[in-house]
1. Kindly provide the set of residues from the stretch 13-30 that are buried (at least 18 other Cβ atoms within 10 Å of the Cβ) and under 17 Å from PRO71 (Cα atoms), ordered by number.
2. Step by step: first the residues of the stretch 31-71, then only those that are modelled with pLDDT under 85 and not in a loop (DSSP other than H, G, I, E, B), then the one that is surrounded by the fewest Cβ atoms within 10 Å (Cβ to Cβ). Which residue is that?
3. Residue by residue through the stretch 33-57, note down the ones that are in contact (Cβ under 8 Å) with a residue 40 or more places away in the chain and closer than 11 Å to ALA22 by Cα.
Amino acid sequence: MDEIVFFNPGDSIGNFHDHNEAVKTAQIYKEKQNQNKRVLVVHGVDNKDFDIFLADDVISHDNEKNAVQKPYRVSDRL
């Protein structure tokens, strides 16, 4: 079963057409920038590309006020 999460598209760390490139970039980003934070590689609902987000940027009921939301399907957790 797919896990659907919501993010503000402006919070994306990167956008890629290739899944392997997205995962590789996410691993490098995590290693260099935020070793203690979880990074998610997500697949857009349009199934055309992959985005990288910090797991802390998931939009929840607590932080959704005036947020532009777009649904994503979690592909990898790093």
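1. Filtering the stretch 13-30 down to residues buried (at least 18 other Cβ atoms within 10 Å of the Cβ) leaves 13, 22-23, 25-26, 30.
Correct list: ILE13 only.
2. Result: PRO71.
3. ASP51, ILE52, PHE53
The values are calculated or read from the model by the stated rules, or taken from the named source; none is laboratory data. Nothing here was measured: the structure is a model prediction, and the numbers come from that model. In this analysis, Cβ positions are derived from the backbone assuming ideal geometry, glycine residues included, and neighbour counts consider all displayed protein chains.
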